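Please read the structure below before turning to the comments.
The values are calculated or read from the model by the stated rules, or taken from the named source; none is laboratory data. Please read all numbers here as calculations on a predicted model, not as lab measurements. Here the Cβ is made from the backbone with ideal geometry for all residues, glycine too, and neighbour counts use every protein chain on show. Accessible surface areas use protein heavy atoms only, side chains included; no ligands, DNA or RNA. Shrake-Rupley method; radii C 1.70, N 1.55, O 1.52, S 1.80 Å.
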Amino acid sequence: MTALFADHTLRVVALGAGLLGAVSGALGSFAMLRRQSLLGDAISHAALPGIAVAFMLTRSKAPVVLMLGAALAGWLATLAVMTIVTRSRIKYDGALGIVLSVFFGLGLVLLTLLQKRPDASQAGLDRYLFGQAAALLVDDVRAMAIIGAGALAVLAVLWKEFKLISVDADFGAAIGLPVRLLDTALTSLLVIAIVIGLQTVGVVLMSAMVVAPAAAARQWTNRLGPMVALAAGFGVVAGVGGAVLSSIVARLPTGPTIVLALSGLVLVSLLIAPARGLAWRALRRGQHRRTVEADAVLLDLYALALQHEEDLEHGHDEAVLRAMRGGQINVRRSLEKLAQAGLARRTGHGRWALSAAGRARALEQIDHAGEHA
Amino acid sequence: MSPQIEVQLIAVVVAVAAALPGTFLVLRRLALVSDAISHAILPGIVVAFFLVESLSSPVLLIAAAMTGLLTVVLIELLGQTRLLKEDASIALVFPALFSVGVLLISRYAGGVHLDVDAVLLGELAFAPFDRLVVAGHDLGAKALWSMTAILLLNVVLISVLYKELKLATLDREQAAVLGFAPATVHYLLMGCVSITAVGAFQAVGSILVVALMIAPPAAAYLLSDRLSVVLILGGVLGAASGVGGYWLARGIDGSIAGSMAVVAGLVFLGALLFAPQRGLAAQLHRRARQRWSFAERMLLVHLLHHERTPSAAEETAGHTVHRHLRWSERFTAEVIRRAEAGELLRREAGLLQLTERGRQIAQRALLELDERDGLGELGGRDRRRRAGRTIPGGAVEE
Amino acid sequence: MSRGLGDRARSWAIEVEDLTVAYTDKPVLWDVDVSIPRGTRMAIVGPNGAGKSTLVKSILGLIRPVAGTVRILSRPLDEMIGQVAYVPQRSQIDWDFPTSVLDMVVTGTYRRVGWLRRPGAREKEQASDALEKVGIAALGRRPIGQLSGGQQQRMLLARALVQQADIYLLDEPLQGVDAPTEHALIGVLGMLRDEGKTVVVVHHDLQTVEEYFDRVLLLNVRNIADGPVREVFHDENLRRTYGGRVGLVSRPQRRGSPGIDAVKG
Ligand SMILES: Nc1ncnc2c1ncn2[C@@H]1O[C@H](COP(=O)(O)OP(=O)(O)OP(=O)(O)O)[C@@H](O)[C@H]1O
Ligand SMILES: [Mg+2]
């Protein structure tokens, strides 16, 4: 492992991917919560013509120049989406689809034009399509670090305002916050998060970098702070992990590897995250059903006991109980559960009776049901 | 047929085939599902390609259609957990599937003629070189045949299911009540979208399929309120984008697929700006025209409210009324002048008094509030909802 | 539609004058005048889509009107933004947002806390006190997504309480809550009145207007009537409020007050 990180290129790539994961995880959390997951997709596709134009105008492939072009195009795309949604009957999804594909088409046209130029030094631009982490240079990573840190600083400074306008914008406006401005700032942060990652994972997959860490983190916590921190953490893990893996295994492109790592994290989180996870949910549902079933058997036993008023200790056949429920529920399991709770006991082979506590509980339940009727 | 004509024909067929299911996507607010499907079919294409080693085999279509449906099902499953919002589900599923496709290609397809660029970006210019040859006869470009088949499939499916699709689009719940199975219709439509996307990917690439599926129908939707018109107009605008894109690409010597998307975007922009009733220009024009009549009605309503009230003297004096309405003095003077000219009000002892006609107009303005916005059949949903909202008693909530 | 001038203006909490609001080119409020005296409890009543929420939002400065003015405590609205406590309609909040009940209530203090600073122990304490007042002190650490409808409403009222305002605007706070919650919320409103605060409530239950409020505004796009409940809350005005717009008004027959039952238009 140490030997691995001694490799200069890998160190740069892993650092870049990790950095990107942290920034897009943190900033992406707000985007996901504000239902802008797909806006992220539109912005990243729309960045392509911006990159091409920036290069055409400056003839420079300096990361900062291209990022600036990408950011401007991303911004323009957002504006276009908003205009279409507010000024026409086309809904959000349609506006995103149009802007995304048309901007991307324009980017493609520009790239093919660049390809034909004699000074075809555009080879570097191609990598923005699918990303090429292996080509990251120290300069690129430095630019990512500076811009990313700036974005995170803004997030920290305006944290409580951003939080409020995300959960209840009207209330924010009612207490005098400049909601429109804050909204613009937050969307700009999303644009930045996307733009700094394009070189590494490409325009097609970048939206996953924004959404997936947040989606995974959301499952583990119900607080915004921990969620954002966790999303950043997931981003780092997937970024570094993906970069290292793709450098060990031949012909394993970095971008898709990172995205699949993130998708795995999302899947695991959806399944096993405490409280929200599907596995826990199923477990709880099972428990609940067993409680309900046990209660039903308890009441059945009580009803049988009433028929033998003279002898409340009289044991009743399990088969009778099963017949009473028509095989709908697991009577044996319920009886054992009741026995465990001290509500029922076995009086002989396959025969059961209520304990004193069981009778009390049955009466309690009948009273309770009566109140609600 | 010259390759030139053939390329344009393919472009037209692809565009029309895409616009048909695209119309329903736009109307059902599922536009981005096309984006998701067109990306996510990549692994399906790759796996099928490994099996049959050909890009034009029908097996590819079937595999991709299955993958497309799988995408839709996955998105819906994720949504049903209610752990994620729907847009997040979409944004998670298709990059994952797309990544699987890219990994498969780069791991196992070394040297084979299949690269990600080809799937994502397509290259229409090469389509005429892949010929369909049967028993020594050259029948034309394979892509033309396959896309025509897909177009026919779409036409047949949509004509057969027209009523159901329309109902499911306008009112999902009612469709279910009437015994149509919206779910079945939904999946049939999604199957259509998948097949069209995979058929088109060779020609225009998977991302630009989205442009052809969404932009022309959206433009048509700005131009008409009738579903049948939107469908046909969407096809026509799509075809125009195809041909226009081809010539643009020739003119600047750039990517044909990209140019088609750009032209489709321009067509949409044109509709957005200049649609006769809904366009931005028409909106501005209407607003300018309505500014005066709106202000006039406001003034009349204001006077009506203060007729014979204790504060009438203060509220309706010609020289103070602008303060109450918070208008500029000049603007107010002009509104008064116009209303006077129309004999809607007159001045009496410095106070503005409604004439009988003015009073009627003010009263009508208050009553007719709910009766505008008559849209065609496609506006019906919003209208019904609004009508529902006005039933008091709390029975109807949004 | 009375209007205070000169010295008497001091006694108005809210003055709305000639207010016209349009979202598109169609006004949803037409030339509304209403003045609300300080220290009263006033109900705003009207059918769905009547513009009740729109009026509330205009008073808060959330919507820019086409014409007209709003004055708060005799000062122009622009100077008073943020000085009115607000309980929004529940539906505008993203209940899936990852935040706790206490944190949500603390957002009511943000204006006092100001930019760049974080709410501290004092703000948390104020929030806890408010939760205590509305009877859900135990739920402070719950995620907001796990509250029942009634608990959500209590939390929103608690958030308004920590705003420490003189005027409270509540948009349908009793919508879909059960009897005990309704009781608790009305109790808090009574407490506010006793402190001399002005409370304005968008209210949908016509049966309880007389019991809970001193004044009422009957609104349907325009001001149909406003004033003391005793004077203006009668059959004729209700018919004018609900009748002209739709064919039928069905009211739940809960406490059967014969005078104002099913109004037909
Ligand atoms: N943001 C908006 N854009 C366009 N129209 C709107 C907007 N908000 C409200 N409206 C319209 O304005 C009218 C008044 O809405 P408002 O929400 O004020 O009514 P309300 O009296 O509060 O109704 P409810 O009892 O349903 O809460 C309605 O016809 C509504 O459709
Ligand atoms: Mg409302």
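In segment C:37-60, the qualifying residues are those that are open to solvent by less than 10 Å² (accessible area, probe 1.4 Å), within 12 Å of ligand 2 (Cβ to nearest atom) and away from chain B (no Cβ under 14 Å), and the one that is farthest from the chain's Cα centre (by Cα) is C:L55. When B:G245, B:G254 are checked against the criterion of being over 13 Å from B:F24 (Cα atoms), open to solvent by less than 50 Å² (accessible area, probe 1.4 Å) and part of a loop (DSSP other than H, G, I, E, B), B:G254 stands alone in meeting it. If you go through segment A:130-147 and keep only what is among the small types (G, A, S) and buried (at least 22 other Cβ atoms within 10 Å of the Cβ), you end up with A:G131, A:A133. Name the single residue that is nearest to ligand 2 (Cβ to nearest atom) among those in segment C:141-172 being at the interface with another protein chain (Cβ under 10 Å from one of its Cβ atoms) and basic (K, R). Selected residue: C:R159. Is it true that B:V198 is farther than 12 Å from B:G22 by Cα, touching a residue at least 24 places away in the same chain (Cβ under 8 Å), assigned by TED's automatic domain parsing to the domain that holds B:F126 and assigned to a helix (DSSP H, G or I)? Here the answer is yes, as B:V198 does meet what is asked.
On inspection, A:L182 passes the criterion of being within 14 Å of chain C (Cβ to nearest Cβ) and either closer than 18 Å to A:V228 by Cβ or modelled with pLDDT under 95 (or both).
Per this entry, A:I272 is not counted among residues that are at pLDDT below 90 and open to solvent by 20 Å² or more (accessible area, probe 1.4 Å).
Among residues of segment C:39-64 being in contact (Cβ under 8 Å) with a residue 40 or more places away in the chain, more than 13 Å from ligand 1 (Cβ to nearest atom) and of a type outside the set (A, V, I, L, M, F, W, C), the one that is nearest to C:G190 (Cα to Cα) is C:R41. Annotation: C:I63 fulfils all but one of (1) surrounded by 23 or more Cβ atoms within 10 Å (Cβ to Cβ); (2) within 16 Å of ligand 2 (Cβ to nearest atom); (3) within 10 Å of another protein chain (Cβ to nearest Cβ); the unmet one is (1). Condition check for C:T24 on (1) within 16 Å of ligand 2 (Cβ to nearest atom); (2) surrounded by fewer than 22 Cβ atoms within 10 Å (Cβ to Cβ); (3) within 10 Å of another protein chain (Cβ to nearest Cβ): one failure, at (1). Being away from ligand 1 (no atom under 14 Å from the Cβ), buried (at least 22 other Cβ atoms within 10 Å of the Cβ), within 14 Å of chain A (Cβ to nearest Cβ) and farther than 23 Å from C:E231 by Cβ is the requirement here; does C:G108 meet it? Yes, satisfied.
In the set (1) more than 16 Å from ligand 2 (Cβ to nearest atom); (2) away from every other protein chain (no Cβ under 13 Å); (3) modelled with pLDDT of 95 or more, C:D178 fails one condition alone, (3).
Just one of the listed residues (B:A203, B:A197, B:A215, B:A275) is surrounded by 24 or more Cβ atoms within 10 Å (Cβ to Cβ) and touching a Leu at 6+ places or on another chain (Cβ under 7 Å), namely B:A203.
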